[in-house]
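Student: The structure follows.
The values are calculated or read from the model by the stated rules, or taken from the named source; none is laboratory data. Bear in mind the structure is a predicted one, so any value in this text is a computation, not a measurement. Backbone-built Cβ (ideal geometry, glycine too); neighbour counts: all protein chains shown.
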Amino acid sequence: MKTYLTINQIFIHSEANNKSFYTSFGKKLNVIYGANTAGKSTLIQLILFTFGINDNKAKLAKILEENIFIRLDVTVKKNNDTIEYVFIRKDETIYIKDSKSEKVLTFNGISGNTSVEHAKLKEFFNELLDFNLVLESKNGVSKAPIETIFLPYYVSQDVGWVYLRKSFSNLDFYKNFKDDFLDYYLGITKLENKEQRKNLENQLNEKKFRYNFYVNFERKDQAIIASKLVDESFKGKGQEFIDIIAKRKEDLLQYENSYVKKSNLLTYNNQRLSVISKVSRNHSKQFPGKDNCPICQQVLPNDTRQIYEHYQEENDTIKIKQRIQTENKKIQSDLNSLNKKINELRTVLEDDYRKHVIYSKNNLTLDEWIKTQADIKLENSIHENIGILAIDIDEIKGQLKDFKNDDDIESERLVKNKAFKKHYNLNNQKLDVSILNDSRFNYVYELSSFPFQGVELHLAVLSYHFAFNKIINETESIHRLPFILDSIFKEDLEGNSKKKILEFICNNLPSDTQTIISIADNKTKDSKIEDYRKEFFVDNTKLICIGDSTSKESILKPHGQELDDMLNETFEIMEFL
C-alpha cells in the first residue's frame, strides 16, 4: 500500500532579528510567486532542508545566518492510518513530533550525511515511507540517501530543467545509479533483496577467482608436478621407511622418559638418605637421662618408655637407610640398562636413516622423496579447497536462481519503457515538442539528455517529469510526495510559452498528491499573476506571495502577534524532555 505525505504549513522564525514567515498549503496546486531573487527557491529549499537534506545548504547560507528555525506540519497517510507530524530544523538538529505518540524524536548533528545521527534520520524516513532503495558504492551496497526519497518529485531551478536526476548533486557517487533508481521507482525488481543478491554475486565472483587460482596453480607449478612423480616412485617404500622410523622414535622416547623418571627417583633417594644419616648421627647423642636436649639444653627424661622409643627410632633409621641403599642399587642398574638401550637405539636410527636416504629408484633417492612431501601436502590441501569451493559455487548459483536474471529484468524494463513513451509522447503533443522515433529519446531507461535547445528543451523536460510522475503512480507501494517544480518559467520564455506551460500543468496535475510550483512575477513590472489566476488556476489553488511580489530577499518579515501561538508551540516542542 502506498504512503502519502502532504505539507500543511510552514513557519520560519529568526530569533536574532525577530522575523518570521508563515504560509499554509492547499491540497492540490500551490503557486509560489514573487519577484526575481525574492526567495521563492529559498522557500522550497528550506522545505527540503527541514527534512534533513543538506545538498542545498550552501545556497541557504544567507538566511541561515539569521539564526532561523523552520517548522513543517505534514500529514502522513499509511495503511488507512493518518498521523500528523511536525518537523522542526534548527541548524544541525531536527525535532519530530507525531500526533499518535505525542513524543518528540531528536536528531542532533545531522549536517553531515555520513554522521551517525543522519543515518538514524534516514532510517526514520525509510520506516515512515516504507522506502528501501539500496545503492552500490565503492564501499559496497548501502541504503540510499534521503535525497533519493525526494528526487522523483523535485525539479530544481538551476540544473533540474536541463539534466535529468541532477536536482541533487551528490548522487553520481553511486555505481549504476540511474538503473537502480529507475528499477526501484518502476517496480522492476524487489530492491529490498538487492543487497542480498549483490552479496551473493560478490561471494560467487570471489569463490570463482579462488577456484581458478587453485586449479591453475596446481596445473602449472613445476615443484608440485615433480613431487607427484617422485611420490609415485616411492609410494610403498616411503611409507615403509616412515613407519620404521616412527616406531623406533616412539620406543626411544619411552626409554628416555623412563631414564628421566628413574634419574629423578635416584636423586630423591640420595637426598633422603643424606637426611636420615644426619638424623641418625644426632640421635646417638641424645640418650634419655644422660644427654641434653639440643634446643633447651635440659637433660632428656629418664624413664623406661623414653628409653624404649629411643632404641626403636634408632633401629627404624638403620632399616630405612638399608632399604634406600638397596633400592638405589636397583635404580642405578635400571639406569645403566636404559642408557645402553637408548644409545643402541640411537645408533640403529642413525644407521636406518643413512641406509634409507641412499636408497634410490630410477635415479631418484628416498631423501628426495622426503623433501617432496610438503609439496604433496600442499597439493592435497589444494584438492580439498577446490572441492569445497566447487560445492560453494554450485550452492550460490542455486540461490541466485531465485532472483531475476538479466533477461527477465530487461523484459520488464522494456514494458516500462513503452508505458513511459506513451505518456511522454502524449505530453509532447500537448506541449508542441517534436516527437522523435529514436528510443534514446523516448525510453525512460535510455533518456539522459534531450536533442533540443532553448524553449523546446524546457518543455521536453517538463513533459518528461509529468510522464515519470504518472508512471511512478502506477507502481505499487511507492511513496507519494508533493510534486515540486521550482521556477517553471525560463527567463527568455515569451508569453504564449508561459501560458502553454501553465495550461499543461493545470490540466495534468497528479490526482493523488499536492503540486507546488514557483513562478517569477513582479507586480511593478507587467504582473500576470491575476491573469493566470483567472485563466488557469481553479478556486482551490493556493497562491503564496513572497515579498509582496516586489522586494528581493524578502521571505522574512517582522514577527506578528498572530504567530505567537505558533512560535510558543514550536519552542515547546524543541524544549521537550
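Student: Would you check if there is a residue in region 474-495 being touching an Asp or Glu at 6+ places or on another chain (Cβ under 7 Å) and either assigned to a helix (DSSP H, G or I) or without any contact (Cβ under 8 Å) to a residue 12 or more places away in the chain (or both)?
Tutor: So far as region 474-495 goes, no, none of its residues is touching an Asp or Glu at 6+ places or on another chain (Cβ under 7 Å) and either assigned to a helix (DSSP H, G or I) or without any contact (Cβ under 8 Å) to a residue 12 or more places away in the chain (or both).
Student: Looking at 382, 393, 358, 409 in this structure, which one is modelled with pLDDT under 75, of a type in the set (A, V, I, L, M) and surrounded by 13 or more Cβ atoms within 10 Å (Cβ to Cβ)?
Tutor: Of 382, 393, 358, 409, the one residue that is modelled with pLDDT under 75, of a type in the set (A, V, I, L, M) and surrounded by 13 or more Cβ atoms within 10 Å (Cβ to Cβ) is 382.
Student: One residue is enough: does region 38-54 have a residue meeting the conditions aromatic (Phe, Trp, Tyr) and over 30 Å from residue 501 (Cα atoms)?
Tutor: No, the conditions are met nowhere in region 38-54.
Student: Starting from residues that are in contact with a Gly (Cβ under 8 Å, 6 or more places away or on another chain) and of a type in the set (D, E, K, R), keep the ones in region 491-527 and report whichever is surrounded by the fewest Cβ atoms within 10 Å (Cβ to Cβ).
Tutor: 492
Student: Consider residue 204 carefully, then state whether it is in contact with a helix residue (DSSP H, G or I) (Cβ under 9 Å, 6 or more places away or on another chain) and modelled with pLDDT of 85 or more.
Tutor: No: the conditions fail for residue 204.
Student: Consider residue 542 carefully, then state whether it is within 45 Å of the chain's Cα centre (by Cα) and charged (D, E, K, R).
Tutor: When the stated conditions are applied, residue 542 passes them.
Student: Still on this structure, please answer the following. Is one or more of the residues making up region 80-95 out of contact with any helix residue (DSSP H, G or I) (no Cβ under 7 Å at 6 or more places or on another chain), farther than 19 Å from residue 158 by Cβ and among the hydrophobic types (A, V, I, L, M, F, W, C)?
Tutor: yes
Student: Can you tell me which residue among 455, 433, 415 is β-branched (Val, Ile, Thr), within 37 Å of the chain's Cα centre (by Cα) and modelled with pLDDT of 90 or more?
Tutor: 415
Student: Could you tell me which numbered condition residue 467 fails, if it satisfies all but one of (1) in a helix (DSSP H, G or I); (2) without any contact (Cβ under 8 Å) to a residue 40 or more places away in the chain; (3) buried (at least 19 other Cβ atoms within 10 Å of the Cβ); (4) not aromatic (Phe, Trp, Tyr)?
Tutor: Going through the list (1) in a helix (DSSP H, G or I); (2) without any contact (Cβ under 8 Å) to a residue 40 or more places away in the chain; (3) buried (at least 19 other Cβ atoms within 10 Å of the Cβ); (4) not aromatic (Phe, Trp, Tyr), residue 467 breaks only (2).
Student: Right, here's the next one. If I go through region 244-281 residue by residue, how many of them are within 15 Å of residue 338 (Cα to Cα) and either at pLDDT below 80 or outside any helix (DSSP H, G or I) (or both)?
Tutor: 0
Student: Please verify whether residue 33 is surrounded by 21 or more Cβ atoms within 10 Å (Cβ to Cβ), of a type in the set (Ser, Thr, Tyr) and out of contact with any Leu (no Cβ under 6 Å at 6 or more places or on another chain), treating the condition exactly as stated.
Tutor: yes
Student: Find the residue count for region 43-96, including only residues that are aliphatic (A, V, I, L, M) and without any contact (Cβ under 8 Å) to a residue 24 or more places away in the chain.
Tutor: Number satisfying all stated conditions: 4.
Student: For region 425-457: of the residues being outside any loop (DSSP other than H, G, I, E, B) and of a type in the set (A, V, I, L, M, F, W, C), which is nearest to residue 500 (Cα to Cα)?
Tutor: Going through the qualifying residues, I end up with 431.
Student: Which of the residues that make up region 546-575 are outside any loop (DSSP other than H, G, I, E, B) and aliphatic (A, V, I, L, M)?
Tutor: Once the filter is applied, which keeps residues that are outside any loop (DSSP other than H, G, I, E, B) and aliphatic (A, V, I, L, M), region 546-575 yields 546, 563, 566, 567, 573, 574.
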